[in-house]
Every structure is written in structure tokens, then in C-alpha cells.
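Comments concern the structure below.
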Amino acid sequence: MPNFEITTASADDLTMLAEWAHEESWNPGLTDRHAFFAADPRGFLIGRLDGEPVSCVSVVRYGTGFGFLGFYLTRPRLRGRGYGIQLWRAGMARLDGRNVGLDGVVAQQPNYRKSGFRPVWTNMRYEGLPPAGLPAPAGTELVDGRSVSFDRLAAYDRRFFPADRDSFLAPWIAHPNRTSLAAVRDGELCGLAVLRPCRTSSRIGPVYAESPEVAGALVGAVAATGPGVPVAIDVPDVNPAAVRLAEQLGLTPSFETARMYTGPSPDIDHTGLFGITSLELG
């Protein structure tokens, strides 16, 4: 009988997981693995069949009460043989006692429901070339996110995410191969957007803003750093203003997921959430 074992991933393994995600058309960021591994080094599990990696899942812990599940897949030739569900059970055991979130693709949502997840909103990925040079509202300045005190960035991020995630956020914003812009008015943060290169469209996430006008200026500004390269934003329909903005920017829907939780929907600022950070880690 084949020997199936579950192991913790190495930092190098995350490069392989990104390639698997690319084959599923998830379009992962080229440098996401650095922030992913920093978030929770033990939060990535790999199923190995006679030593060969064949399945994976990420089960990242945030704080003491929240977790996020992603990267759940099995190599196509081995699906339907129970390897994925064994890994799923091991991953959920690691998050036992926590409210667990995930962004589930349409085909898997019925299975997630059976496992106790319930949908709370839909993410629609919008892609295209937004117009350049969109003005920020009067009195609003766009500055390099790296120039802003990290304490302020972390506190701002906490308005839109269910738990503190400093170890993830720092490399997510500061990695040299990406662009982060913050919107500032009267010395206070009123928006944040991060663009990261991917294999196809560059991904923008998160997009936080106090208004559609601030969000549009941020999206246009970060997109302008890669002229001619399409961008993609995973837009939550729980914020109708975000959906309208994506359409006004000329972006078109291409991919759909559902944000689902095992427990209560976290109390976050949906009105300022114009684009989620990552399908894999929330």
C-alpha cells in the first residue's frame, strides 16, 4: 500500500505550492511566499505519497481565536482517493477552537458547507486596465506605504481584518518587488493599496479607503507603476460601492469565490473594504 504522510512545509515548498496554484489559474503573487511563511511558518501542510508531494493546505493561525484556510488542493491525477480529505482534517485540527475563514471557489462551496462553513459574501475578481491619473480628493495625499509608521498601518489594517497580523503585514507591504501606497489626510490614514506582480494580471490587495474616490485614486496610482499591465482586484460584494467602482474603472469580472466562516461573521469595516488582501491568507 502507498505510504501517505502529512508534513509541515518548508520555505522552499511554498514555491512549489505557488506553482500548483498557478496551474489552477489562481494567479498567485510572485513574492507572496515571503509574507505567507512569515505569517505562520507551521501553517502550511503537505501530503506526501511515498515521499512525493501530492496535496497541500494552508491553515494559518492569527492571534488566539482566528484562523484562515487556503491553498487546499490535490494533484489532479490523484483526486478522489481520499488524500485531500485527510489533509483537510489535519488542517482543521490545527485550527480547532478558532473561528476559521476561507475564500472558496464555486465548485467546492457545497463541500465547505458540509464541513460547517457558511458564506457571508461573494468576492468577484475584476481585471483590466484602470484609467491612469485619477485625482485624489482635495486635501488627500498619496504616499509610499513604507514611509508610514508601521504601528499606524497595523492599526488601520485591523479595522478591516478579524485579527492582528503584524508578521504577515510587514513583508506584504515592504517587499521590494511590490508597490504600496497610503492615502493621508490631515495626518490620518484614509486609504491603503498594495500591488504585487503575478504571472498574469498584477494583483492589488488590500484596497482600503474611506470613499470610492480615495480607492479609485489608489488603484489608478499603483496600477500606473506597471504601465500596460492588467491588474486584478478581488472585490467583496458586501461593499456595493466597491463593486460600482470596479465597474466604473472599466474592469471586468473573471473569477468568483465566497468568503465563508465557521463562526460568527467578524466585526470589520465592510464599507471601507474595496479589495481583499489574499485568497490564501485572508
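The values are calculated or read from the model by the stated rules, or taken from the named source; none is laboratory data. None of these values were measured; they are calculated from a predicted model. Note that we place each Cβ from the backbone using ideal geometry, even for glycine, and neighbour counts take in every protein chain shown. Note: accessible area is taken over every heavy atom of the protein model, side chains too, but ligands, DNA and RNA are not part of it. Shrake-Rupley method; radii C 1.70, N 1.55, O 1.52, S 1.80 Å.
From largest accessible area down, sort ASP13, ASP237; use a 1.4 Å probe on the protein chains. It would help to have the intermediate numbers written out before the result.
Numbers: ASP13 25, ASP237 75 Å².
From most accessible down to least: ASP237, ASP13.
Count the net charge of all other residues whose Cβ sits under 14 Å from the Cβ of ALA221, scoring Lys and Arg as +1 and Asp and Glu as -1.
Overall, the nearby charge balance is -2.
Counting DSSP beta bridges in the chain, what percent are antiparallel, to the nearest 5? Before the final figure, lay out each step's value.
Details: 58 of 64 bridges.
In the chain, approximately 90 percent of DSSP beta bridges are antiparallel ones.
Please label the shape of segment 1-63 as rounded, prolate or oblate, based on the square roots a ≥ b ≥ c of the eigenvalues of the alpha-carbon gyration tensor (a/c under 1.5 means rounded; beyond that, a/b larger than b/c means prolate, else oblate). Let's see the in-between values first.
Numbers: a/c = 2.29, a/b = 1.33, b/c = 1.71.
Judged from the Cα gyration tensor, segment 1-63 comes out oblate (a/c at least 1.5, b/c at or above a/b).
From the P(r) of segment 70-156, can you give the percent of Cα pairs sitting at distances over 14 Å?
Details: 2960 of 3741 pairs.
Here the tail beyond 14 Å accounts for 79 percent of pairs.
Taking the Cα centre of segment 151-282 as the origin, how large is its charge dipole in debye, to the nearest 20, when only Lys and Arg (+1) and Asp and Glu (-1) carry charge on their Cβ atoms?
Values: 11 positive and 15 negative charges, 84 e Å.
I would put it at about 400 debye.
Which of the peptides 191-203, 133-145 is most tightly packed, and how do the rest follow, judged by the mean count of other Cβ atoms within 10 Å per residue? Before the final figure, lay out each step's value.
Values: 191-203: 22.2, 133-145: 13.8.
Descending packing order for the listed peptides: 191-203, 133-145.
Let me know the shape class of segment 1-116, please: from the alpha-carbon gyration tensor, a ≥ b ≥ c as square roots of the eigenvalues, rounded when a/c is under 1.5, otherwise prolate if a/b is greater than b/c, or oblate. Let's see the in-between values first.
On the way: a/c = 1.28, a/b = 1.10, b/c = 1.16.
Note, shape of segment 1-116 comes out rounded.
Report the charge-dipole magnitude of segment 175-219 in Debye, nearest 20, computed about the Cα centre from +1 at each Lys and Arg Cβ and -1 at each Asp and Glu Cβ.
Details: 5 positive and 4 negative charges, 91 e Å.
Here the size comes out at about 440 debye.
Could you please state how large a percent of the accessible area of the chain is carbon and sulfur, counting protein chains only and using a 1.4 Å probe? Write down the numbers at each step before the final one.
Details: 6000 of 11700 Å².
Carbon and sulfur together cover 51 percent of it.
Is it possible to state the helix-based mean residue ellipticity at 222 nm for the chain, with each DSSP H run of 4+ residues giving -39500 (n - 2.57), the sum divided by total residues, to the nearest 500 deg cm²/dmol? What is it? Don't jump to the answer; show the numbers that get you there.
Values: 8 runs with 76 residues, N = 282.
Helix-only estimate at 222 nm: -8000 deg cm²/dmol.
Roughly how many Å² is the accessible area per residue of segment 170-278, as a whole number, for a 1.4 Å probe?
Working: 3710 Å² over 109 residues.
The answer is 34 Å² per residue.
Tell me, rounded to the nearest percent, the portion of alpha carbon pairs in segment 153-220 spaced more than 17 Å apart. Show your work: numbers first, answer last.
Numbers: 977 of 2278 pairs.
Percentage above 17 Å: 43.
Can you name the helices of the chain, as whole DSSP H runs, whose Cα span along the helix axis is 20 Å or more and whose Kyte-Doolittle mean is not below 1.6?
On the way: long enough: none.
Once both thresholds are applied, nothing remains.
According to the square roots a ≥ b ≥ c of the eigenvalues of the Cα gyration tensor, what is the shape class of segment 211-281, taking rounded for a/c under 1.5, prolate for a/b larger than b/c otherwise, and oblate for the remainder? Spell out each step's value before the answer.
On the way: a/c = 2.04, a/b = 1.63, b/c = 1.25.
The shape class here is prolate.
Is there a quick way to get the dipole size of segment 1-118? I mean about its Cα centre, with the Cβ of Lys and Arg at +1 and of Asp and Glu at -1; what is the value in debye to the nearest 20? Display every interim value, and only then the final one.
Working: 14 positive and 12 negative charges, 118 e Å.
Dipole about the Cα centre, nearest 20: 560 debye.
Ordered by packing density, taken as the mean number of other Cβ atoms within 10 Å over each peptide's residues, highest first, how do 79-91, 265-277 rank?
Details: 79-91: 16.3, 265-277: 19.2.
The densest-packed peptide leads the list: 265-277, 79-91.
For segment 1-109, report the accessible area per residue in Å² (1.4 Å probe, heavy atoms, rounded to an integer). Don't skip to the answer; put the middle values down first.
Working: 4820 Å² over 109 residues.
Value returned for segment 1-109: 44 Å² of accessible area per residue.
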